[in-house]
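This report concerns only the one structure given below.
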Amino acid sequence: MKDKSALLVIDMQNAMFEQPDPVYKGEDLLQIIHGLICKARDARIPIIYIQHNGRTGGPLEKGTDGWEMHPQIKPIEGDIVVQKSKPDSFLNTELHNCLEEKGITTLIITGIQSDVCVDTTCRRACGDGYKVVLIKDGHSTWGTEEITAKQIISHENYILGNWFAELKSAGEVELNKAID
């Protein structure tokens with residue numbers, strides 16, 4: 001059976017890019033993911049957006065401007081949007097059913113937040129039997145007082161790449177045309 005891939009774009013919502021605390025290298029991330037989306041559209045590979053529904057009054061409160069997908073990479077007709085409220089993109093969502101329905105066996109994962117939703121989704125997808133490709137230059141996060149965002153991203157690439165996913169840069173990803 002031939003591998004069928006989907007591009008998973010996690011939590012690329014307006015609030016993640018807002019001042020005074022935008023995600024690390026957010027503009028670069030938008031460019032990288034935009035390029036991946038273009039590749040996926042050209043190859044007619046499904047694009048699945050994961051949209052986080054945050055708490056009332058929070059930056060990702062459902063229905064607010066911060067909750068909306070960033071306009072540079074927003075979905076178009078035919079793309080799939082899955083709503084979630086936890087870091088695990090599969091937990092209490094329609095993601096698994098959607099992937100099963102489309103015969104998807106490989107997930108190409110990108111988005112925010114490296115050490116939370118991206119990490120959790122990679123681990124869950126691997127555990128559920130999907131082949132996982134993590135775009136090593138296509139996810140980001142925020143630093144803490146103890147560790148920088150760059151260090152967190154590097155650590156996530158190391159852990160996930162050694163146990164849960166195949167690491168590729170956006171430039172290394174080749175998407176073959178989907179067969180309908």
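State whether the residues of region 153-161 include one that is open to solvent by less than 80 Å² (accessible area, probe 1.4 Å) and within 19 Å of residue 45 (Cα to Cα). Checked region 153-161: no residue is open to solvent by less than 80 Å² (accessible area, probe 1.4 Å) and within 19 Å of residue 45 (Cα to Cα). In contact (Cβ under 8 Å) with a residue 40 or more places away in the chain, surrounded by fewer than 16 Cβ atoms within 10 Å (Cβ to Cβ) and either closer than 22 Å to residue 64 by Cβ or in contact with a Ser or Thr (Cβ under 7 Å, 6 or more places away or on another chain) (or both), is that true of residue 21? For residue 21, the condition - in contact (Cβ under 8 Å) with a residue 40 or more places away in the chain, surrounded by fewer than 16 Cβ atoms within 10 Å (Cβ to Cβ) and either closer than 22 Å to residue 64 by Cβ or in contact with a Ser or Thr (Cβ under 7 Å, 6 or more places away or on another chain) (or both) - is met.
Here is a yes/no grid of residues against (1) open to solvent by less than 70 Å² (accessible area, probe 1.4 Å); (2) over 12 Å from residue 112 (Cβ atoms):
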site: 4; (1), (2): no, yes
site: 15; (1), (2): yes, no
site: 26; (1), (2): yes, no
site: 31; (1), (2): no, yes
site: 34; (1), (2): no, yes
site: 43; (1), (2): yes, yes
site: 60; (1), (2): yes, no
site: 63; (1), (2): yes, yes
site: 71; (1), (2): no, yes
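Scanning region 101-133 for residues that are part of a strand (DSSP E or B) and over 9 Å from the mean Cα position of the chain (by Cα) gives 106, 107, 131, 132, 133. Set side by side, the residues 150, 136 differ, and just one is at pLDDT 95 or above, part of a helix (DSSP H, G or I), basic (Lys, Arg) and open to solvent by 20 Å² or more (accessible area, probe 1.4 Å), which is 150.
Evaluated against (1) touching a strand residue (DSSP E or B) at 6+ places or on another chain (Cβ under 6 Å); (2) within 18 Å of residue 119 (Cβ to Cβ); (3) open to solvent by 20 Å² or more (accessible area, probe 1.4 Å), residue 82 falls short on exactly one condition, (3).
The values are calculated or read from the model by the stated rules, or taken from the named source; none is laboratory data. All of these numbers come straight from a predicted model, not from anything done at the bench. A quick note on method: Cβ atoms are made from the backbone with ideal geometry, for glycine too, and the neighbour counts reach across all protein chains shown. Side chains are part of the model used for accessible areas, which takes the heavy atoms of the whole protein and leaves out ligands, DNA and RNA. Shrake-Rupley method; radii C 1.70, N 1.55, O 1.52, S 1.80 Å.
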